[in-house]
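These notes concern the structure reproduced below.
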Amino acid sequence: MKLGLLQYAACLNCQSPLEIRVEREEDEEILEGWLICPSCQARFPVRRGIPRFLPSELPPDKKATAAAFGYEWTHYAELSDQDREEFLDWIKPLDRDSFTDRVILDAGCGKGRHALLAAQFGARNVVGVDLSEAVAAAYQNTRNLPNVHILQADLSSLPFRDAFDLAYSIGVLHHLPDPRQGFLSLVQHVKPGGRISIWVYGKEGNRWIEKIVSPMRIHVTSKLPKIITRVVSFFVSLPLYAALKVIYGPVWRSPRLAALKKMLPYGEYLSAISGYSFAENFWNVFDHLVAPTASYHTRAEVTEWFAAAQLEQVEVTQRNNNSWRGTGVRSRAAI
Ligand SMILES: [Zn+2]
């Protein structure tokens, strides 16, 4: 943990600014200690360099979902060359300039790949939060950057006031038990006039996943020992990888074959990921099989979340025919 985090962190109970008691420090990095609220005396530990704002008891599904993604991102902590292009696509119509000199919240940071990019795009400070032990991977991936802070907390109960110019949440809200409530709670941490950007699975374009893959995921693969889910993912990845390289890749690259994108099953999505390495492809399959909680949302639902939060300049657009990205600005007037 870096001292700079203190300017944004607030007590979970009473929102007062926190004080730090350092127990072990190394090169300006606080490895062990306590964040203490001078008003209500609440104490939050800093362990292995990461402030931990965990509730004492998590509901079992939330705990299992966090364990699933903790497993995924600590076993697949490497960063890839494609992360940058993919991130910029997920946050459209925002771009690199949206980060310049801004204070950023990465809500559900996983292994920290987007927090790292946000810092490279010139953010003043980036705070990455995740409920799972993936924070350990995020911490290792960003530790050398003075303006990236990683902490462990539940998205529906974050230790901040409205501290952020831009909050984004990529592929996370649909793994919460109540994504709408998670969204509304995130908006509370955006400054008036600041922006939020999200990406979630669409109901449109994912009918067969909901009908066939979801029941398998819920009743079978999310309950298996992770190593067995890995074996299953491996055998699913083999034919998928072959199809990506032999069919979808050429369609993606050749303008003459572009019309085929519409005719092939999942043409838009699978050709977009046809450049994935085998490892990326394998972990993507694992990602879809491992989580006990995942939900799919219509455009109307996502649009309603933005309306409920009274956001302005709202844009909801479809990505790869099977997911939604949305962005909006927090009203200055509503505060
Ligand atoms: Zn307090």
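The values are calculated or read from the model by the stated rules, or taken from the named source; none is laboratory data. Everything quoted here is computed from the prediction, not taken from an experiment. Using ideal geometry, Cβ is built from the backbone for each residue, glycine included, and neighbour counts are taken over all protein chains shown. These accessible areas exclude ligands, DNA and RNA; they are computed on the full protein's heavy atoms, side chains included. Shrake-Rupley method; radii C 1.70, N 1.55, O 1.52, S 1.80 Å.
With respect to SER237, is the statement that it is in contact with a helix residue (DSSP H, G or I) (Cβ under 9 Å, 6 or more places away or on another chain), surrounded by 21 or more Cβ atoms within 10 Å (Cβ to Cβ) and of a type in the set (Ser, Thr, Tyr) true? Yes, satisfied.
Total residues in segment 272-292 satisfying the condition of being surrounded by fewer than 18 Cβ atoms within 10 Å (Cβ to Cβ) and among the polar types (S, T, N, Q): the figure is 2. The set of residues from segment 302-313 being assigned to a helix (DSSP H, G or I) and either under 16 Å from the mean Cα position of the chain (by Cα) or surrounded by 20 or more Cβ atoms within 10 Å (Cβ to Cβ) (or both) comprises VAL302, TRP305, PHE306.
Restricting GLU29, GLU72 to those that are under 30 Å from THR229 (Cβ atoms), open to solvent by less than 60 Å² (accessible area, probe 1.4 Å) and not β-branched (Val, Ile, Thr) reduces the list to GLU72.
Given the structure, is LEU155 within 13 Å of the chain's Cα centre (by Cα) and farther than 17 Å from ILE196 by Cα? Let's see the steps before the verdict.
Details: within 13 Å of the chain's Cα centre (by Cα): yes; farther than 17 Å from ILE196 by Cα: no.
Considered against the rule, which asks whether it is within 13 Å of the chain's Cα centre (by Cα) and farther than 17 Å from ILE196 by Cα, LEU155 comes out as no.
LYS211 meets each of the listed conditions (1) within 25 Å of ASN320 (Cα to Cα); (2) crowded, with 18+ Cβ neighbours inside 10 Å; (3) of a type in the set (Lys, Arg) apart from (2). Could you list, in sequence order, the residues of segment 174-188 that are farther than 21 Å from PHE69 by Cα and among the aliphatic types (A, V, I, L, M)? LEU184, VAL187, listed by residue number. When VAL220, VAL213, VAL190, VAL172 are screened for being among the β-branched types (Val, Ile, Thr) and touching a strand residue (DSSP E or B) at 6+ places or on another chain (Cβ under 6 Å), only VAL190 passes.
Taken together, LYS203, LYS245, LYS223, LYS261 contain a single residue that is of a type in the set (Lys, Arg), more than 23 Å from the chain's Cα centre (by Cα) and open to solvent by 60 Å² or more (accessible area, probe 1.4 Å), which is LYS245. Condition check: closer than 29 Å to ARG43 by Cβ and surrounded by fewer than 18 Cβ atoms within 10 Å (Cβ to Cβ). Does GLN140 satisfy that? Yes; evaluated as a whole, the condition is true for this residue. The set of residues in segment 93-149 that are aromatic (Phe, Trp, Tyr) and within 19 Å of LYS191 (Cβ to Cβ) comprises PHE99, PHE121. Listed by position, the strands (runs of 3 or more DSSP E) inside segment 1-84 whose residues that are more than 16 Å from the ligand (Cβ to nearest atom) and not β-branched (Val, Ile, Thr) number at least 2 are 19-26, 29-36. Of the candidates ARG102, ARG124, ARG161, ARG96, the single residue that is farther than 19 Å from GLY4 by Cβ and open to solvent by 40 Å² or more (accessible area, probe 1.4 Å) is ARG96.
Of the residues making up segment 155-177, just one is acidic (Asp, Glu) and at pLDDT 95 or above, namely ASP165.
Contact map, segment 314-335: residues that are assigned to a loop (DSSP other than H, G, I, E, B) paired with residues that are of a type in the set (Ser, Thr, Tyr), Cβ distance under 7 Å, separation 6+ or inter-chain. Pairs shown: ASN320/TYR269; ASN321/TYR269; ASN322/TYR269.
So if I check each of GLY171, GLY110, which one is open to solvent by 10 Å² or more (accessible area, probe 1.4 Å) and on the phi > 0 side of the Ramachandran plot?
It is GLY171.
Using the structure shown, decide if TRP90 is of a type in the set (Phe, Trp, Tyr) and open to solvent by 30 Å² or more (accessible area, probe 1.4 Å). For TRP90, the condition - of a type in the set (Phe, Trp, Tyr) and open to solvent by 30 Å² or more (accessible area, probe 1.4 Å) - is not met.
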